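Asks: Please read through the structure below; I'll follow up with questions.
The values are calculated or read from the model by the stated rules, or taken from the named source; none is laboratory data. The structure displayed is predicted, hence computed values, not measured ones. Please note: Cβ atoms are built from the backbone with ideal geometry, for glycine as well, and neighbour counts cover all protein chains shown.
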Amino acid sequence: MCGIVGYIGNRESQDILIEGLKKLEYRGYDSAGIAVFTQEGLEVRKSIGRLANLEGKLEGDPLHGSVGIGHTRWATHGKPSDANSHPHTDNSHKFSVVHNGIIENYLELKEELIAKGRHFVSETDTEVISHLIAEEYDGDIVQAVQRAVKHMRGAYALGVLTEYEPDRLVAVRFASPLVIGVGKGENFIGSDIPAILEYTRDVYILNDGEMAVLTTNAVELMTIEGEVISKEIFHVDWDLVTAEKAGFDHFMLKEIYEQPKAYRDTMMGRVSEDGRSVVLKEIGMTAEQIRGIRKVHIVACGTAFHAGLVGKTVIEGLARIPVETDVASEYRYRSPIITPDTLVIVVSQSGETADTLAALREAKRNGARVLAITNVVGSSVAREADDVIITQAGPEIAVASTKAYTSQLIAFNLFGLYLAQVLGTRDEAFVAEVLEAMHKLPEQVEAIIEQAPVLKQVADSISTHNNLFFIGRGVDFAVAQEGSLKLKEISYIHSEAYAAGELKHGTLALIEDGIPVIAVITQKDLYEKTLSNIKEVKARGAHVLGVVNAGMEEEVGKSVDELFVIPKTLQLLSPTLSVIPLQLISYYASLARGNDVDKPRNLAKSVTVE
Ligand code: G6P
C-alpha cells in the first residue's frame with residue numbers, strides 16, 4: 001500500500017524523506033512525492049513512476065529545508081499520475097497532506113467543498129483532506145486537524161504540514177498504521193518502521209483515534225478529542241529485512257494476517273450507511289443494461305481462476321444468471337459464444353496477466369461488456385475494461401496469492417448482491433443479512449488465524465508425504481482446488497483436488513494407507529454425501545482432516561481423523577473462511593520442508609507471457 005515518511009529536525013529533510021521512501025519501495029508504488037518547508041514556503045515535488053524520477057526532478061531543483069513529508073502512492077482512487085500523487089495541497093498551497101487509507105465519504109465531502117468554492121486538481125480522496133483542514137483552520141493546526149477528521153469516514157494515517165506553523169508536524173491515525181520515531185533533536189513519522197529505522201529505533205505506535213504533534217525537540221501525544229495521553233516507547237530490535245515483513249518471517253504469513261484488513265478495505269465505501277444495500281459507484285452499467293445480461297463468463301488464471309469458480313456459485317445463486325468460468329489460456333481457443341448480452345468478468349490480482357488480457361480483448365472484440373476485478377488501479381486490465389472493481393488488498397509480494405484471492409471473493413459477493421438488488425432476485429432483508437455476516441468476517445478470520453499452532457502441527461505431519469488429496473462438493477470443491485494449488489506452489493507436495501463424488505471414478509485407485517486427505521465440508525445440504533465419500537477413502541487407509549463449519553463438528557467428527565472448525569457464517573460466505581486454514585497449512589508445510597516460501601521455484605508473481 002502507500003508509504004508515509006515525515007521529518008522535523010535540523011538536517012536536510014529532502015535526503016531523509018527520499019531515503020525513507022526507498023525503504024518502502026518493496027511494498028510497491030506507482031508515484032512518489034515530497035513537500036518541504038523552504039525559504040520560499042511550502043514546496044511540493046512529485047512524479048509518476050519510480051523514485052528515481054522524483055530524484056531526477058530534485059537533482060536540478062532541490063528543496064532545502066529541515067521539515068518535510070513524503071509519500072509513495074499505490075493508486076486506489078484515480079490512476080497513477082503526477083496530479084494524483086501525494087502530497088496534496090489546498091488551493092492556497094499553505095497546507096500539505098500525505099495520506100494512507102481510504103476516505104469512504106470523499107465524494108460527498110468533495111461536493112460540499114466545491115460548493116464552498118474550492119477547486120480540485122486530482123481524482124484522489126486525499127485532496128479532500130487538505131481542503132477540509134484549510135477550511136477548518138483558524139490559527140491552530142492541531143485543532144484544525146481534529147475538526148477535519150470528524151467529517152471523515154473511513155481509514156486514514158495522515159502527515160500534515162502548514163506554512164503558518166512551520167515548526168510543527170501533525171500525525172494522526174485511524175485504521176491505517178502510523179508510527180512516530182523519536183530521535184535526538186529530530187523526530188520522524190512513518191507508515192512503517194523500515195522508513196525510519198536508519199535514524200531511530202525508538203518509536204511510539206499510534207492506535208486508532210490517536211495523534212501526535214512533532215517539533216524538533218518534542219513529541220506530544222493526544223487523542224483526536226484533544227485529551228493528552230502518554231505511551232511507552234517501543235524499542236525496535238529488528239533488522240531491516242524483518243522490519244519490512246513487520247516482524248513476520250515471510251511476506252506470505254504477513255499477507256495471510258492482513259486478510260481481515262483486506263476484507264474491511266474491500267467493503268469500505270461499498271455498503272450503504274444503514275448497512276442494507278451494496279453501493280458500487282464504479283459500475284457504469286445502467287439498470288437496463290444489467291437486466292439485459294443473459295449470461296456471464298468469468299475468465300482468469302491461477303488463483304484468480306479459483307476465485308472465479310466461487311464467483312460462479314455466488315452470481316448464479318444470487319442473481320440467477322448462468323455463469324461459465326474459464327481458464328484464460330483456454331478461453332480464446334475454444335471459440336466461446338460471446339454475444340453483446342454477455343457480461344465477461346476478468347479477474348486478475350496484477351491486472352497484467354497476458355492470457356487474461358488477451359481474453360478481455362477477445363470479449364470486447366465480440367461486443368461484450370467487460371468488468372474487471374483487479375488489485376491494481378491503472379493496470380492494463382483496469383484500463384481496458386468497461387467497469388472495474390478494485391479489490392483494495394494492497395500490494396501482494398509473496399508469489400502465492402492469499403489476501404488478493406480472498407478479497408476477490410469479497411468483491412464477487414458484493415457484485416452478486418448488487419446484481420440481485422437491481423434484478424430483484426433477492427429482497428432487501430436478505431441483502432442486509434448477508435452484509436451483516438460479511439461485516440463479521442474480519443473478526444472470524446482473526447479467530448481462525450489464532451489457531452495457527454494447530455494448523456502447523458497438521459502441516460508438519462503432511463510435509464512428510466509426497467501425495468495428498470483435497471475433496472469437496474459445490475463451492476467447497478472450488479475452495480479445495482485453491483487449497484491444493486497453494487500447497488503445490490510452495491511445498492512442492494503433489495496434490496489434487498477432486499469433486500468428492502468423482503473420486504470413485506478413478507482416483508480412488510491412488511488412495512493407500514496413510515495418505516492424507518483434506519475434506520472441505522461447509523454446505524449443510526451436501527455434507528452427508530461428502531461423508532460417504534470420506535468413508536470410501538477411510539476404508540482404504542486415508543488419514544482425513546475435515547474442515548467444517550461450526551455446528552457440523554459432531555456429525556462430521558465421527559467420520560474423520562481430525563477436525564478443524566471454522567466460525568459459523570452463511571453458506572454463501574464460507575469460502576472466505578474455509579480457505580484460511582488451507583493457506584496456513586500450505587505455509588507451514590513449505591516451512592517444514594525448508595522451501596523458499598515467498599519465492600517458490602519456477603514460479604513468477606506476474607505472468608506477462610502467454
Ligand atoms: C501467477 C501467480 C498466481 C496468480 C496468477 C494469475 O501464476 O503466481 O498467484 O494467481 O499468476 O495472476 P493475476 O495477477 O492475473 O491474478
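Asks: Would you check which residues across the range 476-486 are in contact with a helix residue (DSSP H, G or I) (Cβ under 8 Å, 6 or more places away or on another chain) and either polar (S, T, N, Q) or over 25 Å from L572 (Cβ atoms) (or both) and list them?
Replies: Q481
Asks: Related question: Within the range 34-56, how many residues are in contact (Cβ under 8 Å) with a residue 60 or more places away in the chain and at negative phi?
Replies: Kept after step one, since they are in contact (Cβ under 8 Å) with a residue 60 or more places away in the chain, are these residues of the range 34-56: 35, 37, 41-42.
Next, only the ones that are at negative phi stay: 35, 37, 42.
Of the residues in that region, 3 qualify.
Asks: With the range 465-579 as the region, which strands (runs of 3 or more DSSP E) entirely inside it contain at least 1 residues that are in contact with a Lys or Arg (Cβ under 9 Å, 6 or more places away or on another chain)? First the steps, then the outcome.
Replies: Working: elements: 467-472, 494-499, 516-521, 543-549, 562-566.
Where strands (runs of 3 or more DSSP E) fall fully within the range 465-579 and carry at least 1 residues being in contact with a Lys or Arg (Cβ under 9 Å, 6 or more places away or on another chain), they are 494-499, 516-521, 543-549.
Asks: Then there's this: So which residues in the range 98-132 are more than 28 Å from the chain's Cα centre (by Cα), part of a helix (DSSP H, G or I) and buried (at least 18 other Cβ atoms within 10 Å of the Cβ)?
Replies: Hit for the range 98-132 is L113, nothing else.
Asks: Can you tell me how many residues within the range 1-48 are over 22 Å from S176 (Cβ atoms), assigned to a helix (DSSP H, G or I) and touching a helix residue (DSSP H, G or I) at 6+ places or on another chain (Cβ under 7 Å)?
Replies: Total meeting the criteria: 2.
Asks: Scan the range 342-363 residue by residue and report those that are in a helix (DSSP H, G or I) and farther than 16 Å from V376 by Cβ.
Replies: If the condition is that a residue be in a helix (DSSP H, G or I) and farther than 16 Å from V376 by Cβ, then D355, A358, A359, R361, E362, A363 are the ones that fit.
Asks: Does the range 587-606 contain at least one residue that is touching a helix residue (DSSP H, G or I) at 6+ places or on another chain (Cβ under 7 Å), farther than 19 Å from K488 by Cβ, in contact (Cβ under 8 Å) with a residue 40 or more places away in the chain and not in a loop (DSSP other than H, G, I, E, B)?
Replies: Scanning the range 587-606 turns up no residue that is touching a helix residue (DSSP H, G or I) at 6+ places or on another chain (Cβ under 7 Å), farther than 19 Å from K488 by Cβ, in contact (Cβ under 8 Å) with a residue 40 or more places away in the chain and not in a loop (DSSP other than H, G, I, E, B).
Asks: Taking the condition of being touching a helix residue (DSSP H, G or I) at 6+ places or on another chain (Cβ under 8 Å) and at positive phi, how many residues in the range 163-202 meet it?
Replies: Residues of the range 163-202 touching a helix residue (DSSP H, G or I) at 6+ places or on another chain (Cβ under 8 Å): 164-165, 168, 170, 172, 174-175, 179, 188, 190, 192-199.
Keeping just the survivors that are at positive phi gives 175.
Here the count works out to 1.
Asks: Select from the range 226-247 the residues that are in a strand (DSSP E or B) and touching a residue at least 12 places away in the same chain (Cβ under 8 Å) and write down the one among them that is surrounded by the fewest Cβ atoms within 10 Å (Cβ to Cβ).
Replies: H235
Asks: Within the range 589-610, how many residues turn out to be small (G, A, S), more than 11 Å from the ligand (Cβ to nearest atom) and surrounded by fewer than 16 Cβ atoms within 10 Å (Cβ to Cβ)? Steps first, answer last, please.
Replies: Of the range 589-610, the ones small (G, A, S) are 589-590, 592, 594, 604, 606.
From what is left, the residues that are more than 11 Å from the ligand (Cβ to nearest atom) are 589-590, 592, 594.
From the residues that got through so far, the ones that are surrounded by fewer than 16 Cβ atoms within 10 Å (Cβ to Cβ) too are 594.
Final tally of qualifying residues: 1.
Asks: OK, next. Of the conditions (1) touching a residue at least 12 places away in the same chain (Cβ under 8 Å); (2) surrounded by fewer than 18 Cβ atoms within 10 Å (Cβ to Cβ); (3) over 17 Å from K403 (Cβ atoms), N549 clears all except one; give me its number.
Replies: (2)
Asks: Being more than 14 Å from D326 (Cβ to Cβ), more than 8 Å from the ligand (Cβ to nearest atom) and at pLDDT below 95 is the filter here, so list the residues in the range 341-356 that pass it. Talk me through it step by step, then tell me what you get.
Replies: Residues of the range 341-356 that are more than 14 Å from D326 (Cβ to Cβ), as a first pass: 341, 349-352, 354.
Pick out the ones that are also more than 8 Å from the ligand (Cβ to nearest atom) and you get 341, 354.
Hit for the range 341-356 is A354, nothing else.
Asks: Only one residue in A478, A497 is under 18 Å from I534 (Cβ atoms), touching a residue at least 12 places away in the same chain (Cβ under 8 Å) and within 16 Å of the ligand (Cβ to nearest atom). Which one? Don't jump to the end; show me each part of the working.
Replies: Working: A478 fails: under 18 Å from I534 (Cβ atoms).
Exactly one of A478, A497 is under 18 Å from I534 (Cβ atoms), touching a residue at least 12 places away in the same chain (Cβ under 8 Å) and within 16 Å of the ligand (Cβ to nearest atom), namely A497.
Asks: Of everything in the range 149-165, what is at pLDDT 95 or above and in a loop (DSSP other than H, G, I, E, B)? Give them in sequence order.
Replies: Passing the criteria: H151, M152, E163, Y164, E165.
Asks: OK, next. Quick one: which residue in A459, A500, A452, A447 is hydrophobic (A, V, I, L, M, F, W, C) and in contact with a Gly (Cβ under 9 Å, 6 or more places away or on another chain)? Explain how you work it out, then say what you get.
Replies: Numbers: A459 fails: in contact with a Gly (Cβ under 9 Å, 6 or more places away or on another chain); A452 fails: in contact with a Gly (Cβ under 9 Å, 6 or more places away or on another chain); A447 fails: in contact with a Gly (Cβ under 9 Å, 6 or more places away or on another chain).
Going through A459, A500, A452, A447 in turn, just one is hydrophobic (A, V, I, L, M, F, W, C) and in contact with a Gly (Cβ under 9 Å, 6 or more places away or on another chain): A500.
Asks: So which residues in the range 408-428 are buried (at least 24 other Cβ atoms within 10 Å of the Cβ) and either among the acidic types (D, E) or near the ligand (Cβ under 10 Å from one of its atoms) (or both), if there are any at all?
Replies: Scanning the range 408-428 gives a single hit, Q408.
Asks: Just checking, how many residues over the range 468-511 are within 20 Å of V310 (Cα to Cα), β-branched (V, I, T) and more than 23 Å from the chain's Cα centre (by Cα)?
Replies: Residues that pass the stated criteria total 1.
Asks: Kindly establish whether I189 is within 27 Å of E25 (Cβ to Cβ), part of a strand (DSSP E or B) and more than 22 Å from the chain's Cα centre (by Cα).
Replies: Numbers: within 27 Å of E25 (Cβ to Cβ): yes; part of a strand (DSSP E or B): yes; more than 22 Å from the chain's Cα centre (by Cα): yes.
Taking the combined requirement at face value, the residue satisfies it.
Asks: Something else: Just need a number here: residues in the range 364-407 that are farther than 21 Å from Y257 by Cβ and either more than 11 Å from the ligand (Cβ to nearest atom) or not in a helix (DSSP H, G or I) (or both). It would help to see each step written out before you state the result.
Replies: Initially, the range 364-407 is screened for residues farther than 21 Å from Y257 by Cβ, giving 364-374, 376-390.
When the remaining residues are screened for being either more than 11 Å from the ligand (Cβ to nearest atom) or not in a helix (DSSP H, G or I) (or both), the result is 364-374, 376-379, 382-390.
So the count comes out to 24.
Asks: Which of the following residues is farther than 21 Å from L21 by Cα, modelled with pLDDT under 95 and of a type in the set (A, V, I, L, M): I290, I233, I283? Before you say what the answer is, go through the steps one by one.
Replies: Working: I290 fails: modelled with pLDDT under 95; I283 fails: modelled with pLDDT under 95.
After applying the criteria, what remains is I233.
Asks: Among the hydrophobic types (A, V, I, L, M, F, W, C) and closer than 24 Å to Q571 by Cα, is that true of V346?
Replies: Values: among the hydrophobic types (A, V, I, L, M, F, W, C): yes; closer than 24 Å to Q571 by Cα: no.
So V346 does not fit the description; no.
Asks: Within the range 446-464, identify whether any single residue is in a helix (DSSP H, G or I), acidic (D, E), over 17 Å from K254 (Cβ atoms) and within 16 Å of the ligand (Cβ to nearest atom), and answer yes or no. Please lay out each step first, then the result.
Replies: Looking only at the range 446-464, we keep the residues that are in a helix (DSSP H, G or I), and these are 446-449, 452-462.
Of the ones still in play, those that are also acidic (D, E) are 446, 460.
From the residues that got through so far, the ones that are over 17 Å from K254 (Cβ atoms) too are 460.
Narrowing further to those that are within 16 Å of the ligand (Cβ to nearest atom): none.
No, the range 446-464 contains no residue that is in a helix (DSSP H, G or I), acidic (D, E), over 17 Å from K254 (Cβ atoms) and within 16 Å of the ligand (Cβ to nearest atom).
Asks: Oh, and also: Find all pairs meeting these conditions: Cβ atoms under 7 angstrom apart; at least six residues apart or on different chains; first residue within the range 115-136 and touching a residue at least 12 places away in the same chain (Cβ under 8 Å); second residue among the aromatic types (F, W, Y).
Replies: Short answer, once both residue conditions are applied: D125/Y106; E127/F120; V128/Y106; S130/F95; I133/F95; A134/F95.
Asks: Wholly within the range 265-340, which helices (runs of 4 or more DSSP H) include no fewer than the required count, namely at least 3 residues that are within 16 Å of the ligand (Cβ to nearest atom), within 26 Å of the chain's Cα centre (by Cα) and surrounded by 15 or more Cβ atoms within 10 Å (Cβ to Cβ)? Walk me through it before giving the result.
Replies: On the way: elements: 287-291, 302-319, 328-331.
Passing ranges, in order: 302-319.
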